[in-house]
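Notes to accompany the following structure.
The values are calculated or read from the model by the stated rules, or taken from the named source; none is laboratory data. Keep in mind that what you see is a predicted model, and the values were worked out from it rather than measured. Here Cβ is always computed from backbone atoms with ideal geometry, including for glycine, and neighbour counts include all displayed protein chains.
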Amino acid sequence: MKCHYIYTEEDGKVLIPGCMGTAARGMEYCTCRSEVSFAQFERKQYNDTVRKLRAEIKELEKENNYLNRTIKKLLKTNRHEQTN
Ligand SMILES: [Zn+2]
């Protein structure tokens, strides 16, 4: 397993070491990925996170629309009952 980050609700960004370099001295000393630089790794992580968050926002917007429709429906029903 290569070094990677996980994102948790409690602690935010958490580094999971996959090599001795990172475990002992930090991500700058990672020896897992000679093909990808530290900066490239950070950027990839960043882009992945942005993509994940965008998908999450889309889901929340869908839910929000659904809830708004439900509220409107309930208000309409409620008003109807009050006038009768
Ligand atoms: Zn590593």
Single condition residue 15 does not satisfy, out of (1) in contact with a Lys or Arg (Cβ under 7 Å, 6 or more places away or on another chain); (2) outside any helix (DSSP H, G or I): (1)
Among (1) in contact with a His (Cβ under 8 Å, 6 or more places away or on another chain); (2) more than 14 Å from the ligand (Cβ to nearest atom), the one test that residue 69 misses: (1)
Checklist (1) away from the ligand (no atom under 13 Å from the Cβ); (2) assigned to a helix (DSSP H, G or I) applied to residue 22, failing item: (1)
The lone exception for residue 40 - which of (1) more than 11 Å from the ligand (Cβ to nearest atom); (2) modelled with pLDDT of 85 or more; (3) surrounded by 11 or more Cβ atoms within 10 Å (Cβ to Cβ) it fails: (2)
Segment 1-15, subset surrounded by fewer than 12 Cβ atoms within 10 Å (Cβ to Cβ) and of a type outside the set (Gly, Ala, Ser), residue modelled with the lowest pLDDT: 1
